[in-house]
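Some notes on the structure that comes next.
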Amino acid sequence: MIPAHNEARVIGRLLDSLLADPAEDDTDIVVVCNGCTDDTARIAARRGPGVRVVEIPVPSKHAALRAGDDHAAGFPRLYVDADVVITGAGVRALCAPLADDTSGILATAPERLIPLAGCAWRVRAYYRVWQRLPAVREGLFGRGVIAVSKAGHARIAALPPLMADDLAASLAFAPRERLVVGAAEVVVRPPRTWRDLIRRRVRAAVSTAQVEQRQAPQDASARTSVADLRGVLRAEPTLLAGVAVFVAAAVVARRRADRAIRARDFDTWLRDDSSRQN
């Protein structure tokens, strides 16, 4: 299932990748166009009978996910952001552990491929550190794709509407219940400019705060600690400049996010359009 709000620039590349190597003959691709004012629905519908298009008037990802669940059939079920790219082979790899009822795995996600060519140097430095953080390597968030079994779906369907829906979904599963599948890969395009990176990090800071407000104190956290950064530096001392950039981005984003957090503004979506450029 693919929720899509004004994704005319990128929805075609994802659908073409999926349809070029369909996961199975009975694969059901549902694109939920939520509050679109562009050609997202028309572009998706042009891909033929292998793609079902559902349109809802409200521009809400949470509403789109619920509408998609109403139209989707069968499990395992994948939720895929419109601005990433994954292949049918990747989909098959994600579904395999979920089809084994004895594995205990309820949710899977692919390895990330983040193409940094064309990005500002500070963006490249930031992501070289970010990708090495333990929570980032092990969590299901920040990948734009999550696959769930029927039992896993029941777990995330009970979650409230949250801006950081992928983070909340990742934290809903214990480490033994989730799996990052090395045989599956998703292309996640990063922001190209420092300004757009900060917009993303402000959104992340606000949405993480929202998730934490609903957590019990003993629940797991995805926040980066000083110990995490020290661990990155111990493993790769050459990343010192990258860690400095990472800390600077975190400080700037947190300061800008504080106003929204104090106002409990968890609805303003700071969209990064630089990553949607061809």
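Among the conditions (1) in contact (Cβ under 8 Å) with a residue 24 or more places away in the chain; (2) surrounded by 14 or more Cβ atoms within 10 Å (Cβ to Cβ), Q131 misses just one, which is (1). Of the residues making up the range 171-210, just one is over 19 Å from G144 (Cβ atoms) and hydroxyl-bearing (S, T, Y), namely T193. Taking every residue in the range 235-261 that is within 15 Å of R200 (Cβ to Cβ) and pairing it with any residue that is basic (K, R), at least 6 positions away or on another chain, the pairs with Cβ-Cβ distances below 6 Å are V245/R122; A249/R201; A253/R201. Exactly one residue among L94, L140 is surrounded by 22 or more Cβ atoms within 10 Å (Cβ to Cβ), more than 30 Å from A250 (Cα to Cα) and within 17 Å of the chain's Cα centre (by Cα), and that residue is L94. For P190, are the conditions met, namely being of a type outside the set (S, T, N, Q), surrounded by fewer than 16 Cβ atoms within 10 Å (Cβ to Cβ), at pLDDT 90 or above and at negative phi? No: the conditions fail for P190. Scanning the range 39-61 for residues that are part of a helix (DSSP H, G or I) and touching a helix residue (DSSP H, G or I) at 6+ places or on another chain (Cβ under 7 Å) gives T40, I43, A44, K61. Residues that are in contact (Cβ under 8 Å) with a residue 12 or more places away in the chain, part of a helix (DSSP H, G or I) and farther than 19 Å from G144 by Cβ: does the range 25-38 have at least one? So far as the range 25-38 goes, no, none of its residues is in contact (Cβ under 8 Å) with a residue 12 or more places away in the chain, part of a helix (DSSP H, G or I) and farther than 19 Å from G144 by Cβ. Here the range 115-128 is the region considered, the condition is being of a type in the set (A, V, I, L, M) and surrounded by 19 or more Cβ atoms within 10 Å (Cβ to Cβ), and the residue that is nearest to T238 (Cα to Cα) is A125.
Each row is one residue, and each column tells you yes or no for (1) surrounded by fewer than 16 Cβ atoms within 10 Å (Cβ to Cβ); (2) at pLDDT 95 or above; (3) closer than 28 Å to L179 by Cα.
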{"site": "I2", "(1), (2), (3)": "no, yes, yes"}
{"site": "D28", "(1), (2), (3)": "yes, no, yes"}
{"site": "P49", "(1), (2), (3)": "yes, no, no"}
{"site": "D70", "(1), (2), (3)": "yes, no, yes"}
{"site": "T108", "(1), (2), (3)": "no, yes, yes"}
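For every residue, the table says whether it meets (1) at pLDDT 95 or above; (2) loosely packed, with under 13 Cβ neighbours inside 10 Å; (3) over 26 Å from T108 (Cβ atoms).
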{"residue": "W194", "(1), (2), (3)": "yes, no, yes"}
{"residue": "T208", "(1), (2), (3)": "no, no, no"}
{"residue": "R214", "(1), (2), (3)": "no, yes, no"}
{"residue": "D219", "(1), (2), (3)": "no, yes, no"}
{"residue": "T224", "(1), (2), (3)": "no, no, no"}
{"residue": "V232", "(1), (2), (3)": "yes, no, no"}
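Restricting attention to the range 157-171 and to residues that are in contact (Cβ under 8 Å) with a residue 12 or more places away in the chain and surrounded by fewer than 20 Cβ atoms within 10 Å (Cβ to Cβ), the residue that is nearest to C95 (Cα to Cα) turns out to be A157.
From the list D38, D16, exactly one residue is among the acidic types (D, E) and surrounded by 15 or more Cβ atoms within 10 Å (Cβ to Cβ). Which is it?
D38
Within this structure, V10 passes the test of being in contact (Cβ under 8 Å) with a residue 40 or more places away in the chain and under 21 Å from the mean Cα position of the chain (by Cα).
Quick check on the range 87-103: of everything there that is out of contact with any Gly (no Cβ under 8 Å at 6 or more places or on another chain) and among the aliphatic types (A, V, I, L, M), which residue is nearest to A4 (Cα to Cα)?
Ranking the candidates gives V91 first.
Every residue, every condition in (1) outside any helix (DSSP H, G or I); (2) touching a helix residue (DSSP H, G or I) at 6+ places or on another chain (Cβ under 7 Å); (3) not aromatic (F, W, Y), yes or no:
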site: G104; (1), (2), (3): yes, yes, yes
site: R112; (1), (2), (3): yes, no, yes
site: P115; (1), (2), (3): yes, no, yes
site: V136; (1), (2), (3): no, yes, yes
site: V181; (1), (2), (3): yes, yes, yes
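The values are calculated or read from the model by the stated rules, or taken from the named source; none is laboratory data. Remember, it's a predicted structure, so these values are computed and weren't measured experimentally. Glycine gets a Cβ as well: all are built from the backbone with ideal geometry, and neighbour counts include every protein chain shown.
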